Amino acid sequence: MNSGPPLQPSLFRLGDFRCLGASVLLNSVGMMGELVVLGWLTLELTSSPFMVGVAMGARSLPLFFVGVPAGVLADRLPRHRLLMATSAGQAVTAGTLGILTLLGVVTVPHVLLLTFVAGVIRGVEHAARQSYAHDAVGATELMNGLAVLGVAMRGGWLLGSLGSGAVIAHLGSGAAYLAVAASFLVGAAALLPASAPAATSLSAPGSVWQSLAGFVTAMRSDPVLPVLMMLTAAAEIFGFSHQVLLPSLARDVLHAGPEGLGALNAARSVGGILGLSAVSARGAGHGGAGILFLAVLGSFGASLVGLGLAPGLVGFAGVLVVVIVVNAIGALADLLAQGLMQLSVPAELRGRAGGAWVVAIGLAPLGQLQIGALASLFGVAVALGASGLGLVALAGTSALVFVRLRKL
């Protein structure tokens, strides 16, 4: 008799999934390391927090525009090879910035241009990764597979943030960018033994434009995917945007300084790891996932309201616990959004479903602007509370209006 579901052993017996998991872990080290060194280098060059925001925007803005074309590529090319190419491309952009920095000739336009290019490449990576996860584990284990990959990703974020900070402190920003490039290259190499399942190895027929038009037609005939896109975008705009306020929460509300900010960011990663580890340990089918997604979105919003209230009720340690809870729930929302998008479309549209998710998360800058403006006008607590209540209201309304989603 089994004492528990043999989820992880069964998944890790799949060679392609092992390759994908290793690649996700290594790429995530590079992705978070890039984020850290990007902010630090931009601040060194400009001494302007606003320009740091501009650089971060250059990193995320391309996702909205390249999402669906990236999904078309993921449906027309071998996805594991596409993932290798995107990892190599990000290594090139990071390595170029590292060399320019070490030579002492890097400028803000260099940073913005190469960061924008890396963002375009990352959009293709996101679309291909989700659809290849489906290829590697199948529909019945997709949620579990995405949960394990989510744990690997957040573990990589934790390593990348700590490692990049240490390299910057001891060797400088140029060396940190080169370390990021090396991580991306090793992530590409991890996929060398992977294969394309026979059922997904053929290219989609017709032109790229016909592929795009076919996807739009499919969305019109079945409105579930647009609804999922809308709710995913809402989670980004109202939910994940709380990350923008962590510096203000640490410095102005908790008076904890940069060490406190580091602890809050670490709590984000820990929360995501705990939330997804719980899913992967228990096993997760996809029956009833639609109503679960709505419930998780509502809980995500309620936890943000709690985060806004926490500084006045508990100490710094208590706020860390709330941040862990917020991000554990947020990780579940992200998992369900990705999984439901993949499961709501036929096999020939899986790459484009991944691209639709990329488009949705590409709206994150809207949330970052709105929550930052609210915090500037009314304070951190009001900004968090308003965003949380907005997400609760949207989840509740969607549960009433979108009957089809409740039945997924």
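The values are calculated or read from the model by the stated rules, or taken from the named source; none is laboratory data. All figures in this text were calculated on a predicted structure; none of them were measured in a lab. Cβ: placed from backbone, ideal geometry, glycine included. Neighbour counts: every protein chain shown.
Table for the structure above
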read-out: Positions within region 125-151 being closer than 18 Å to Ala194 by Cα and small (Gly, Ala, Ser), in sequence order; value: Ala127, Ala128, Ser131, Ala133, Ala136, Gly138, Gly145
read-out: Sole residue being at pLDDT 85 or above and within 23 Å of the chain's Cα centre (by Cα), chosen from Ala127, Ala152, Ala147; value: Ala152
read-out: Subset of region 238-255 [in contact with a Pro (Cβ under 9 Å, 6 or more places away or on another chain) and aliphatic (A, V, I, L, M)]; value: Leu249, Ala250, Val253, Leu254
read-out: Hey, Arg59 charged (D, E, K, R), at pLDDT 85 or above and in a helix (DSSP H, G or I) or not; value: no
read-out: Failed item, numbered, when Ala139 is tested on (1) within 21 Å of Leu26 (Cβ to Cβ); (2) touching a His at 6+ places or on another chain (Cβ under 9 Å); (3) surrounded by fewer than 21 Cβ atoms within 10 Å (Cβ to Cβ); value: (1)
read-out: Residue tally, condition more than 16 Å from Gly390 (Cα to Cα) and free of Cβ contacts under 8 Å to residues at least 40 places away in the same chain, over region 289-318; value: 6
read-out: Criterion violated by Gly21 - all others in (1) at pLDDT 85 or above; (2) over 17 Å from the mean Cα position of the chain (by Cα); (3) small (Gly, Ala, Ser) satisfied; value: (2)
